1. Considering only residues that are under 22 Å from residue 18 (Cβ atoms) and in contact (Cβ under 8 Å) with a residue 24 or more places away in the chain, look in region 106-125 and name the one that is nearest to the ligand (Cβ to nearest atom).
2. Only one of (1) in contact with a helix residue (DSSP H, G or I) (Cβ under 8 Å, 6 or more places away or on another chain); (2) closer than 20 Å to residue 5 by Cα is not met by residue 71, so which one is it?
3. Which strands (runs of 3 or more DSSP E) sit wholly inside region 14-92 and have at least 3 residues that are farther than 21 Å from residue 127 by Cβ?
4. Hey, does region 108-116 have a residue that's over 20 Å from residue 13 (Cα atoms) and either more than 13 Å from the chain's Cα centre (by Cα) or in a strand (DSSP E or B) (or both)?
Ligand SMILES: [Zn+2]
């Protein structure tokens, strides 16, 4: 893979990001190798999540120079893929700002959200991360 975050620089929506990924990597196999894609896009590690009650998380710095994706242990491969895609989505969308500085934590409920309530900023981020992951 050749893709880097420079290829995605001005993209802020799930659809824009996925279009740019496919443009930069037109011969990506299906299913997309999500862990390799993460590595290309500055996710330096994928670790087991140990916080109870959550499916996934993302650790990053204020500048988003790199990230660590956290995934709950013992989930199915499909679930794991979806969670990694969801957290990569949070990492790549500059408008996504976590409740707690540098750390996103996402529950099963977050990952099932399809429609945000009007004005609910957090729900909007979760829905966008889900849309990104589904598209990938
Ligand atoms: Zn989330």
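Read-outs throughout are calculated quantities, based only on the coordinates presented, and are distinct from any laboratory measurement. Quick caveat: nothing in here was measured; it's all calculated off a predicted structure. Heads up, the Cβs are rebuilt from the backbone with ideal geometry, glycines too, and the neighbour counts pull from every protein chain shown.
1. 106
2. (2)
3. Values: elements: 43-49, 56-60, 67-72.
Ranges flagged: 43-49.
4. Residues of region 108-116 over 20 Å from residue 13 (Cα atoms): 108-109.
Filter once more, keeping what is either more than 13 Å from the chain's Cα centre (by Cα) or in a strand (DSSP E or B) (or both): 108-109.
For region 108-116, residues over 20 Å from residue 13 (Cα atoms) and either more than 13 Å from the chain's Cα centre (by Cα) or in a strand (DSSP E or B) (or both): present.
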